[in-house]
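Read-outs: derived from the displayed coordinates by stated rules, not from any lab. If you're wondering where the values come from, they're calculated on a predicted model, not measured in any experiment. In this analysis, Cβ positions are derived from the backbone assuming ideal geometry, glycine residues included, and neighbour counts consider all displayed protein chains.
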Amino acid sequence: MALAAIAGIKQGVALYKDAKAAGTDLYKITKEISGFIGQFFDAHEEVKKDVKRQELDPPKTKSMKAQALENVFHQIELERQSVELREFLIYHTDPALGAVWSRFEEEYKKLNEENEKQIELERQLEIQRKWQRKRTISNLQDKALIIAAVLTVTIYLHLLLWSIKQMTTDR
């Protein structure tokens, strides 16, 4: 899937250069190229997740050595494809588009930082929710203990008064 995306990117860039020479609508072609780049990164992430999943839960049909070798080959292929895409975007895109790869890296860094902040915020909220839940349960337990103590004292006093009444009636 990643290889198909790279091929699509190359075709799109070639089409972009031809369209630019002909003076047609470049926006649609640029949008198409960015779609292929998005497909590449989606496929790249999917392969990473699949490799991680296989590391955590290796298939029973393969030996660990075979799985390790397959994982290494996957990682090498991903790295190779990323380098190929980076070099292609740096050296083979139209200079009118500017420094596509540098701008991509800046945007990716910004989005990644925002994502990490969001994850940290969600983690903090989850910790706060757990603390609130524990506090609520603790308060309910405290109230239940107080009610049980009051009920016990009330029953004790009631039985004490009843026994006193019984003793006075027996005399």
**Asked** What nm distance separates the two modelled labels at ASP50 and LYS109, each placed 7 Å from Cα along Cα→Cβ?
**Response** 3.2
**Message:** Beyond a 27 Å Cα-Cα separation, which of these cross-linked pairs lie in this structure: LYS117/LYS143; LYS49/LYS117; LYS52/LYS109; LYS49/LYS110?
**Reply:** LYS117/LYS143
**the stretch 99-171 - convex hull of the alpha-carbon atoms, volume per residue in Å³** = 31
